[in-house]
Each structure stands twice: as C-alpha cells, then as structure tokens.
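Here's the structure we're looking at; comments come further down.
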Amino acid sequence: MRGFERASGLVTGQVRGASESRGFAVSRLLTHWAEVVGPEIALKSRPVNVSYGRGFGATLTLLTTGAEAPMLEMQKDVIRDRVNACYGYKAIHKIRITQTAATGFAEGRAQFDPAPKQDKAVPDTPVAAKKAAENVADDDLRLALERLGANVLSQTKQ
C-alpha cells in the first residue's frame, strides 16, 4: 500500500467474520443498530443472533432486560419492518426476544446505552448577565445567553 489506509478498511474482514459467525449477513445491522430501528428501541435492545431455519425467512434474536421485554414484544412488527428495510428484502420472518444471550449466561449481560443526561438546574445568574440579555425576544436564546454570561463572569482569571 502507498500512503495512508482507512481504519475501517483494516478491520472490515474481522468485523465481517465475527458478524457472519452469528448469522448476520449484513454487518450494518450490528454497527448501525440505532439508525436501523430508531433510538428508542435501540436503548432497550441489542441484536444477538440471526438463525436460518428450513423454511423461508430467518429468526432474529434480540437481547433485552426483563422490564423491557413486554414493550419490545408489542413492537415486533415495527422492528421486523425496519430490519427488513436494512436487508432490502424480507429476510427476517420471526423475532425472538430473550433476556440472556442465545448461547448462555456468560455473554448475556445486558449493557445498554445509559439514559441521556438531564440538564442540571440553572443556577442564579448574575445581574450583569441578565441585564445584558434582557433585550432578546426569544426565551430560549435569552436563557442561553444568560447562562453563557454567567459562565464567563464566574471564571476566575488565571
């Protein structure tokens, strides 16, 4: 090779091999799970396995926590449609929801993305910051400018 090579090109073979060993013909389903099914479903689940039976269509196994399993059960049709759109045809026929990994308890530890951080309570802003932003008509912009002014005024000189 001459010059630089993309990092994704270096690991493509390993990712493809690992995903194909689990039955994922399209590794994009694993790497872009949140984009395929949406962020609200992706926070609750992870794809674990795709198994192919005798008939047409495969079974997608999803890992989730116990409390979220009934909610995912009601969204199976939506998940199936979105996953099949990723494949480009009706590859997935059934969806199985499990609370542990398909191969056992050692791999079944559910580690999902943490909940989004909540905004902290806005501390009292100095009078100078409020006075500087009082002429702004948009409430959100005015509050943002007040927070910015408070942060600038509270910085100690180094």
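Which residue is surrounded by the most Cβ atoms within 10 Å (Cβ to Cβ), if the candidates are limited to the range 37-73 and must be touching a residue at least 60 places away in the same chain (Cβ under 8 Å) and not in a strand (DSSP E or B)?
Lys44
Could you please let me know if Gly55 is under 20 Å from Lys90 (Cβ atoms) and at pLDDT below 75? Quick ask: steps written out before the conclusion?
Values: under 20 Å from Lys90 (Cβ atoms): yes; at pLDDT below 75: yes.
So Gly55 passes the test.
The values are calculated or read from the model by the stated rules, or taken from the named source; none is laboratory data. Just so we're clear, the structure is a prediction, and the values are computed from it rather than from any experiment. Here the Cβ is made from the backbone with ideal geometry for all residues, glycine too, and neighbour counts use every protein chain on show.
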